[in-house]
Amino acid sequence: MQYVSTRGSAPALDFEGATLAGLASDGGLYVPAEWPTFTPEEIAAMRGLPYAELAATVMQPFVGHALTPERLLELCQQAYGRFAHAAVTPLVQLDERNWLLELFHGPTLAFKDVALQLLGLLFEEFLSRRDERLTIVGATSGDTGSAAINAVAGRERIDIFMLHPKGRVSDVQRRQMTTVKAPNVYNIAIDGSFDDAQAMVKRMFGDTAMTGRFRISAVNSINWARLMAQVVYYFGAALQLGAPERKVAFSVPTGNFGDVFAGHVAARMGLPIERLIVATNVNDILHRALAHGDYSAGIVTPTAAPSMDIQVSSNFERLLFDVGGRDGAALAEQMRGFEAEKAMRLTNAQREGAAALFTSARADADEMARAMRWAWESCDGEVIDPHTAIGLHAAREADLPAGVPVVTLATAHPAKFRDAVERATGKRPTLPTRVGDLFERDEAYVELPGDYDAIAAYVAEHAAPSR
Ligand SMILES: *Cc1c(COP(=O)(O)O)cnc(C)c1O
């Protein structure tokens with residue numbers, strides 16, 4: 001399987017190359033050169049498979065020759081063996097039409113674990129094959145940082161530097177990063193905002209003094225391997241609800257458009273999906289783009305669902321590429337316009353292509369709280385987190401043909417956002433036992449000024465060169 005850049009000029013890479021590269025060198029994102037497909041019979045044959053086997057089956061066409069089927073299955077078993085629930089991503093029924101797909105049974109309580117636990121193993125596999133080392137540099141507003149650190153802590157060929165804005169992540173989120181004791185983990189609290197942290201990380205990718213010495217890579221959802229791992233649970237949930245004979249809809253709490261793009265990939269592979277509902281909070285650039293063709297970034301408004309407080313959704317570019325005729329040169333031009341103006345119009349082909357599968361909905365703070373209360377009061381005490389609540393609100397509003405079930409992706413454990421859940425429902429969720437002593441463990445992090453040279457000097461001092 002070959003991977004091409006959405007902006008058309010970076011070299012095509014195989015799965016191993018695309019996984020290690022993260023971002024393409026022309027600023028685009030890697031997508032498969034064509035979509036592998038399964039027949040209805042092949043999909044039906046996946047019914048009842050244990051999660052790791054389902055994962056290996058769905059992902060094998062994307063991995064191609066980079067791993068043998070046996071090795072891919074071993075890595076899946078290792079990654080998903082670390083989940084607290086034997087079903088890995090269990091499906092829970094709320095009422096006749098609504099279901100929750102619980103994606104938060106991994107070590108750090110958000111769906112990011114599903115992909116990052118596997119990505120950590122893929123990195124290690126490919127690096128040892130090449131006898132190379134990797135320096136991961138990331139900025140986090142919470143969930144990605146802890147999931148990435150957990151996935152690579154203690155791995156010999158990887159150093160991870162995670163920047164978080166000092167005082168602006170929740171206690172649970174910070175402690176999930178700073179209490180991980182491993183020689184290759186470096187937590188950095190910076191003076192400044194998440195956007196400042198993110199800007200410094202991006203600058204490092206373009207700093208040849210750094211990239212000449214270190215193989216710097218990314219763990220956010222611009223990395224194709226993350227999206228690939230997320231395609232699996234769409235298959236798992238739809239199969240349980242009657243696919244391929246019956247169509248299923250999904251409602252997806254969306255920020256960077258990674259998780260819901262994985263649903264688009266599942267549909268392209270032949271899974272019969274009725275609708276993908278893109279659920280946003282008041283940071284609704286995606287809702288405006290899908291409803292009106294207006295993709296224009298505003299100012300980020302902080303909400304109780306911080307992982308969706310995003311104005312520019314990196315993975316939307318993958319959709320625009322795929323439904324807009326796969327014309328890398330034209331998309332590069334369109335994205336240059338967006339980067340200059342912070343706004344662009346979708347083409348007719350992009351709008352119509354997206355409308356075939358996607359709808360969107362936006363939930364404000366009241367609607368989010370109401371969805372949390374509905375689950376608590378009407379579904380026998382079901383406790384859901386603020387992100388999931390936004391998805392559930394959109395699912396309950398959705399206009400769908402009779403008999404089509406809607407699966408809302410439950411992206412975080414409610415205990416990760418205890419204050420917001422308690423405000424809406426009066427119920428304070430308890431932390432699961434697997435993170436139970438989080439508040440007794442010692443924390444380790446350095447504080448650095450929000451200054452690029454200080455960060456770069458710190459990374460250069462502590463990271464190991466690529467070879
Ligand atoms: C990251 C995250 C999201 C958004 O997912 P995207 O793939 O960025 O759209 C939603 N909910 C939670 C809890 C998250 O951590």
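The values are calculated or read from the model by the stated rules, or taken from the named source; none is laboratory data. In this text the structure is predicted, and so the values were computed from the model without any measurement. Glycine gets a Cβ as well: all are built from the backbone with ideal geometry, and neighbour counts include every protein chain shown.
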Somewhere in region 93-106, is a residue more than 28 Å from Asp322 (Cβ to Cβ) and part of a helix (DSSP H, G or I)?
no
Please find, within region 144-155, the residue that is farthest from the ligand (Cβ to nearest atom) out of those that are crowded, with 24+ Cβ neighbours inside 10 Å and among the hydrophobic types (A, V, I, L, M, F, W, C).
Val152
Quick one: is Ser141 in a loop (DSSP other than H, G, I, E, B) and within 14 Å of the ligand (Cβ to nearest atom)?
yes
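Search region 306-341 for residues being modelled with pLDDT of 90 or more and assigned to a loop (DSSP other than H, G, I, E, B), and hand back the single one that is surrounded by the most Cβ atoms within 10 Å (Cβ to Cβ).
Asn315
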Phe111 vs (1) more than 14 Å from the ligand (Cβ to nearest atom); (2) at negative phi: all pass except (1)
Looking at Glu125, Glu53, Glu132, which one is in contact (Cβ under 8 Å) with a residue 24 or more places away in the chain, among the acidic types (Asp, Glu) and part of a helix (DSSP H, G or I)?
Glu125
Checking Val404 against (1) farther than 27 Å from Arg246 by Cα; (2) in contact (Cβ under 8 Å) with a residue 60 or more places away in the chain; (3) assigned to a loop (DSSP other than H, G, I, E, B); (4) not basic (Lys, Arg), which single condition isn't satisfied?
(1)
Kindly indicate which of Glu461, Glu447, Glu443 is farther than 17 Å from Val137 by Cα, surrounded by fewer than 15 Cβ atoms within 10 Å (Cβ to Cβ) and modelled with pLDDT of 95 or more.
Glu443
Looking across region 107-126 at residues that are more than 14 Å from Ser221 (Cβ to Cβ) and under 14 Å from the mean Cα position of the chain (by Cα), the single one that is surrounded by the fewest Cβ atoms within 10 Å (Cβ to Cβ) is Gln117
Could you list, in sequence order, all residues of region 253-282 that are away from the ligand (no atom under 11 Å from the Cβ) and more than 18 Å from Ala225 (Cα to Cα)?
Gly270, Leu271, Pro272, Ile273, Glu274, Arg275, Leu276, Ile277, Val282
Which members of region 211-252 meet the condition of being within 13 Å of the ligand (Cβ to nearest atom), of a type outside the set (Ser, Thr, Tyr), part of a loop (DSSP other than H, G, I, E, B) and buried (at least 24 other Cβ atoms within 10 Å of the Cβ)?
Val219, Asn223
Taking the stated definitions as given, is Leu73 modelled with pLDDT of 95 or more, out of contact with any Phe, Trp or Tyr (no Cβ under 7 Å at 6 or more places or on another chain), more than 30 Å from Glu397 (Cβ to Cβ) and in a loop (DSSP other than H, G, I, E, B)?
no
Ala424: passes all of (1) within 13 Å of the ligand (Cβ to nearest atom); (2) out of contact with any strand residue (DSSP E or B) (no Cβ under 9 Å at 6 or more places or on another chain) but (1)
List every residue pair whose Cβ atoms sit under 9 Å apart, with the two residues 6 or more apart in sequence or on different chains, where the first one lies in region 306-319 and is touching a residue at least 12 places away in the same chain (Cβ under 8 Å) and among the β-branched types (Val, Ile, Thr) and the second, anywhere, is part of a loop (DSSP other than H, G, I, E, B) and within 12 Å of the ligand (Cβ to nearest atom).
Ile310/Ser141; Ile310/Thr254; Ile310/Gly255; Ile310/Asn256; Ile310/Phe257; Ile310/Asn283; Val312/Asn256
For the structure I just gave you, tell me whether Arg428 is assigned to a helix (DSSP H, G or I) and either more than 29 Å from Val323 (Cβ to Cβ) or basic (Lys, Arg) (or both).
no
Within region 287-302, which residues are surrounded by fewer than 16 Cβ atoms within 10 Å (Cβ to Cβ) and part of a strand (DSSP E or B)?
Asp294, Ser296
Test Thr19 against the stated conditions and say whether it is under 20 Å from Phe205 (Cβ atoms) and either in contact with a Cys (Cβ under 9 Å, 6 or more places away or on another chain) or outside any strand (DSSP E or B) (or both).
yes
I need the full set of residues from region 283-313 which are of a type in the set (S, T, N, Q), near the ligand (Cβ under 10 Å from one of its atoms) and more than 19 Å from Arg345 (Cβ to Cβ), in order please.
Ser307
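Just to be sure before I move on: is Ala420 modelled with pLDDT under 95 and buried (at least 17 other Cβ atoms within 10 Å of the Cβ) in the structure I sent?
Working: modelled with pLDDT under 95: yes; buried (at least 17 other Cβ atoms within 10 Å of the Cβ): yes.
For Ala420, the condition - modelled with pLDDT under 95 and buried (at least 17 other Cβ atoms within 10 Å of the Cβ) - is met.
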Does region 332-375 hold any residues that are closer than 22 Å to Asn281 by Cβ and polar (S, T, N, Q), and which are they?
Thr359, Ser360
Just a yes or no: is a residue in region 362-378 part of a helix (DSSP H, G or I), closer than 23 Å to Trp99 by Cα and of a type in the set (S, T, N, Q)?
yes
For region 156-205, which residues satisfy the criterion of being charged (D, E, K, R) and either surrounded by fewer than 18 Cβ atoms within 10 Å (Cβ to Cβ) or closer than 12 Å to Gly142 by Cα (or both)?
Glu156, Lys166, Arg168, Asp171, Arg174, Arg175, Lys181, Asp191, Asp195, Asp196, Lys202, Arg203
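Kindly evaluate Arg396 against the criterion of being touching a residue at least 60 places away in the same chain (Cβ under 8 Å), crowded, with 17+ Cβ neighbours inside 10 Å and assigned to a helix (DSSP H, G or I).
On the way: touching a residue at least 60 places away in the same chain (Cβ under 8 Å): yes; crowded, with 17+ Cβ neighbours inside 10 Å: yes; assigned to a helix (DSSP H, G or I): yes.
Yes.
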